[in-house]
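Notes to accompany the following structure.
Read-outs throughout are calculated quantities, based only on the coordinates presented, and are distinct from any laboratory measurement. Values in this document were obtained by computation on a predicted structure and should not be read as measured data. For neighbour counting, all protein chains shown are included, and Cβ atoms are generated from backbone atoms with ideal geometry for every residue, glycine included.
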Amino acid sequence: MRKIKIFDTTLRDGEQAPDYKMSKEGKIVIAKKLDEMRVDVIEAGFAGSNIKDSETIKDIAKNVKNTIVVSLSRCKESEIDVAYEAVKDAVKPGIHVFIATSDIHIKDKLHSTREEVIEIVRRCVSYAKGKCEYIEFSLEDATRTDKDYACKVIDTAIEAGANVINIPDTVGFITPIEFTEFLTYIKGHSRINEVEMSVLCHNDLGLATSNTMTAIRCGANQVECTVNGIGERAGNTALEQVVAVLKTRGDLFQAYTDIDTKKIKDISDTVIEVTGNPVQKNYPVVGLNAFRHEAGIHQDGIIKNPETYEIMNPVDYGVDVDGIVLGIHSGKSAFIRKIISMGYNPEHYDIYEVVRLSKSFFEENDSITDEEFSEILSNAQKKVLVKA
Ligand code: KIV
């Protein structure tokens, strides 16, 4: 079994999404919780982007006890200086340097050339390495980069001292089949095997988690993700999804993470509170309905053996929920369970009448209180036959 490192960028890429601003205090709370749940790397922000970010990173660096704390930085010496100043008090500081490598970004955004970018990478990665031992280098828009050129950039960054090479799918464009081809090619044609290989996948086509799992199959030993999948546009790979896949299907991937999964629901709730943005009800692992069942056939299965319809145990993810929800689709088993949970004997009631009355109640209502259900029960009591 291989360990997969979790690099969390909730506080950087996550916050870059419109309407996801986080307070300094909120970020520190999240960082401490990420540390406690044993994330391997926390990207605390982008120090060069604004003063508030650099001040917040400094405070996070002082508060995190075990995890590597990095700041993002463009390939500019002055920005690398600011990034290092922000993280230098961390127990384990790091700098995450990046530059775009696809032709469209080099030409239309950077107004540069492939050759110039190689020289910038050489200069800036070695400059960062002169300040800090732990350097991650990212090829922005890697998945739209010519693969032979990507290999040259990777080798340059490794020669200059990068410990980790990150291959981001910046625009969420690649598919798992193509990602396999791309990663296999660079593994065979560059020195990437000498360092850690990381991936960061965006979710524009809804493929972020699939692409990340594909990368793990291709040998990535670090994955970048955010709590609740927040991030630019459609977001990033969700931390809770990757961790859950590896916990549930570790046999297939022959890999695991160090994450304390019981803390996942709590950190998800914290990110919801700090950003003011909920996750949808049907969201994997932490969504309200992830472990709730209203349909009669499913409820019957769950009551007999939860594994009939649940591939994960909610308790493993810190989720505390009554999975059986009464509604118009519910059946006999769920109503009997409800009667017992209220302290009554189901044999005293005509269960078919309970189901009939409840279903007609749910035609007009979404949920039912104990008082309302008691009323139904009193109308469905079995008649006691008195012998003459
Ligand atoms: O999506 C991306 O490419 C990034 C880089 C800055 C690492 O966030």
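As a test of the definition: which semi-axes, in Å, follow for segment 80-190 when you take the square root of five times each eigenvalue of its alpha carbon gyration tensor? Largest first, please. Don't skip to the end; give the middle numbers.
Numbers: eigenvalues 119, 49, 34 Å².
For segment 80-190, the semi-axes come out at 24, 16, 13 Å.
How long is the gain from Arg38 to Asp146 if the chain were fully straight, where each residue apart is worth 0.36 nm and the alpha carbon distance is subtracted?
On the way: separation 108, 0.36 × 108 = 38.88 nm, distance 3.57 nm.
So the extension gain works out to 35.3 nm.
The modelled label-to-label distance between Gln381 and Lys24, using points 7 Å beyond Cα along the C-beta direction, is 6.5 nm. Stretching Asp266 away from Asp108 to a fully extended chain increases their span by 52.6 nm, per 0.36 nm per residue minus the current alpha-carbon distance.
Candidate cross-link partners of Lys109 among the lysines, defined by an alpha-carbon separation under 19 Å and a same-chain spacing of 8 or more, comprise Lys76. Between Asp320 and Asn163, the distance separating the two model label sites (each 7 Å from Cα on the Cα→Cβ line) works out to 3.8 nm. Summary value for the chain: 14 percent relative contact order, contacts being C-alpha pairs under 8 angstrom separated by 6+ residues.
Placing R0 at 30 angstrom, the Cβ-Cβ distance between Tyr256 and Leu205 gives a FRET efficiency of 0.60 after rounding to 0.05. Applied to segment 178-194, the Karplus parametrisation 6.51 cos²θ - 1.76 cosθ + 1.60 on θ = phi - 60° returns per-residue 3J(HN,Hα) values of 5, 5, 4, 4, 5, 5, 4, 5, 5, 5, x, 10, 9, 8, 4, 5, 7 Hz, with x for Gly and Pro.
Once both labels are positioned 7 Å from their Cα atoms along Cα-to-Cβ, the gap between Met342 and Asp89 label points is 5.8 nm. Per residue, the convex hull around the alpha carbon atoms of segment 296-378 comes to 103 Å³. Could you work out the relative contact order of segment 296-378? I mean the mean sequence separation of Cα pairs under 8 Å and 6+ apart, divided by the number of residues, in percent. It rounds to 28 percent for segment 296-378.
One quarter of the convex hull surface, Cα atoms only: what value does that give for segment 1-101 in nm²? Don't skip to the end; give the middle numbers.
Details: hull surface 28.7 nm².
Across all orientations, segment 1-101 yields a mean hull projection of 7.2 nm².
Out of every Cα-Cα pair that the chain contains, those further apart than 39 angstrom amount to 29 percent. Computed per residue of the chain from DSSP H runs no shorter than four, each worth -39500 (n - 2.57), the mean residue ellipticity at 222 nm is -12500 deg cm²/dmol. Backbone amide hydrogens, once placed in the peptide plane, bring Lys5 within less than 5 Å of Gln222, Val223, excluding anything fewer than 5 places away on its chain.
For Ile99, the amide hydrogen comes within under 5 Å of the amide hydrogens of Ser138, Glu140, counting only partners 5 or more places away or on other chains and with H modelled in the peptide plane. Between 0 and 90 degrees, the angle of helix 239-248 with respect to the longest Cα principal axis of the chain falls at about 70 degrees. Taking Ile297, Ile259, Ile154 as the candidate residues, the one with maximal mean-square fluctuation in a Gaussian network model of the chain, Cα springs under 10 Å, is Ile297. The per residue volume of the convex hull around the alpha-carbon atoms of segment 51-97 is 53 Å³.
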